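Data block below; observations after.
All of the numbers you see were taken from the coordinates with simple rules; none came from a lab. Note that the structure is predicted; figures quoted are calculated from it, not measured. Using ideal geometry, Cβ is built from the backbone for each residue, glycine included, and neighbour counts are taken over all protein chains shown.
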Amino acid sequence: MNSHSVPLPQGYQYFWFDEIDSTNQEALRQCAKGQQPNSWFCADLQTRGRGTKGSQWISQSGNLYASLLIRSNCPPEHLAQISIIAALSAITAIEQMASDQFGIGDLCLKWPNDILLKGRKVCGILIESKQAAQSGLFDIVIGTGINLASNPQIEGLNAAGNLKAENWSCSRIELFVALVQSMRDWLSIWRDGEGFETVRLAWLERSCHIGQTMTITVGDVRHEGRMTTISRNGALVLEDRSGNEMVFSSGTIIKIEGSGSRT
């Protein structure tokens, strides 16, 4: 990709790397140097791609790795909503660019920000933020990794997949432009948290696991319950066997069972 071949919305720019340690890391480095927000950092290959909790995100050539730097004056309690926005933006872009031969109905969202295709993870999101000492605004990096052409050999609950295996034909450039536009649109709807209810409902429409029983770990403690919704701050809401509601703003889902439904 180059600056002449990627038509971005007004006010956005991007930087392309054939190889880099991590697009999120580059965004954070450039932020520290005074880079303006609404800047995208993209790469063909990451040598040190990262997932949640410092895990490795295997970043093979040919997939889409893109990180957006934004600035927000949202309340700190709304920062977790960014994960929901990022996942919704990515799945919206995929839906918009999918051909008739691609099974859109097999796409869905796993809390908080994984995109699954026929039960296999094809997109992951990594959000990182820091608060500027002087302004109090949050500098936020939204990292999106989409398996377009290949995927790591991972099975089980976190099985990986890729779009090409399911008749994906859109180019990486076209999908990137769609992602930029989708992210812009959903961030505009969000308005630093004021419009999150619209975002929340759109996320729930694409949820994989409403009605299914989950086991989630928070630290060393396991909790089990049936997923009912996500909260007005994007937290996972489960109902235990006694009908009591449990709300989790963070945690790791380690087991999912039962036949859930799309809302």
Region 32-48 to region 128-142: how many Å between their Cα centroids?
15
Calculate one ³J(HN,Hα) per residue across region 157-166 by plugging θ = phi - 60° into the Karplus curve 6.51 cos²θ - 1.76 cosθ + 1.60, and present them in order as whole Hz with x for glycine and proline.
4, 9, 3, 9, x, 9, 5, 4, 5, 10
Separation between Cα centres of region 189-263 and region 15-30, rounded to whole Å
32
GLU77-ALA132 pseudo-label distance in nm [points 7 Å out on the Cα-to-Cβ vector]:
2.5
Taking the chain and counting helices only, DSSP H stretches of n ≥ 4 at -39,500 (n - 2.57) each over all residues, the nearest-500 ellipticity at 222 nm comes to -7000 deg cm²/dmol
Hey, of [x] 58, 48, 32; [y] 53, 47, 37; [z] 48, 43, 34, which did the structure itself give for Cα extents along the principal axes in Å when calculated?
[x]
Nearest-20 debye value, region 213-257 charge dipole, Cβ charges on Lys, Arg, Asp, Glu
80
Lone cysteines in the chain, defined as no other cysteine's Cβ under 4.7 Å from theirs: which are they?
CYS31, CYS42, CYS74, CYS123, CYS170
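By how many nm would the segment from GLU257 to ILE173 grow when fully extended, if each residue of separation counts as 0.36 nm and the alpha-carbon distance is taken off?
Contour length minus Cα-Cα distance gives 26.5 nm.
Roughly how many debye, to the nearest 20, is the charge dipole of region 147-249 about its Cα centre, given +1 on each Lys and Arg Cβ, -1 on each Asp and Glu Cβ, and no other charges?
Details: 10 positive and 13 negative charges, 37 e Å.
Using only the charged Cβ atoms, the result is roughly 180 debye.
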Relative packing of 127-137, 207-217, which averages over residues the other C-beta atoms within 10 Å, highest first:
207-217, 127-137
Charge dipole of the chain built from unit charges on the beta carbon (Lys, Arg +1; Asp, Glu -1), centred at mean Cα; most positive-end Cα among SER150, ASN167, GLY103 is SER150
With label points built 7 Å along Cα→Cβ from the Cα atoms of SER249 and ARG232, find their separation and express it in nm.
1.5
Any idea how many Lys pairs in the chain come in under 27 angstrom at the alpha carbon, given 8 or more places apart or on separate chains?
16
May I ask you to evaluate 6.51 cos²θ - 1.76 cosθ + 1.60, the Karplus curve with θ = phi - 60°, for each residue of region 88-93 and list the ³J(HN,Hα) values in order in whole Hz, giving x for glycine and proline?
5, 5, 5, 5, 5, 4
